[in-house]
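Down below is the structure, laid out as structure tokens.
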Amino acid sequence: MAAFKIVIVTVCLIGVSKAGVLLPAARFAAAPLAPVVPAVAAVNTNYDPLPQYTYAYNVQDALTGDNKSQQETRDGDVVKGSYSLVEPDGTVRTVIYTADPINGFNAIVQRGPLVHKALVPVAPVAKVFG
């Protein structure tokens, strides 16, 4: 039985190669090698010892029900911020966080009351049969 399998596989390989399905070996010839130049990493000398930024955004999309917001401020190594979103059950989750080199990352999670979702009108489905 094993000899029969070997014969079948061999015949299949010969048939495929004769049919031109396999690419000729010339297509796989290696391209001439270029000299290898060691890569030198660029060093950024524009280091800011006191980085500062502030950003905020707010999304209120009645069509998709996507309601979320975030704000964050960085002053040196201290980051403070918060974000909130509406959970699938309609409650509001708010996270207030701070991060610094001494205390690490700390977050306070609050859960608010249910938010009543606005119903988006849906067109009635036409009856196809009957």
Legend entry - Net charge, N58 excluded, C-beta distance under 15 Å - Lys, Arg +1, Asp, Glu -1: -2
Inset, instruction - Set the Förster radius R0 to 30 Å, insert the Cβ-Cβ distance between N46 and K68 as r into 1/(1 + (r/R0)^6), and round the FRET efficiency to 0.05. - result: 0.35
Inset, instruction - Given the peptides 92-105, 51-64, 69-82, arrange them by the average over their residues of other C-beta atoms within 10 Å, most packed first. - result: 69-82, 92-105, 51-64
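Throughout, read-outs are computed from the coordinates displayed, never taken from laboratory work. Just so we're clear, the structure is a prediction, and the values are computed from it rather than from any experiment. FYI the Cβ positions are ideal-geometry reconstructions off the backbone, even for glycines, and counts take in every protein chain you see.
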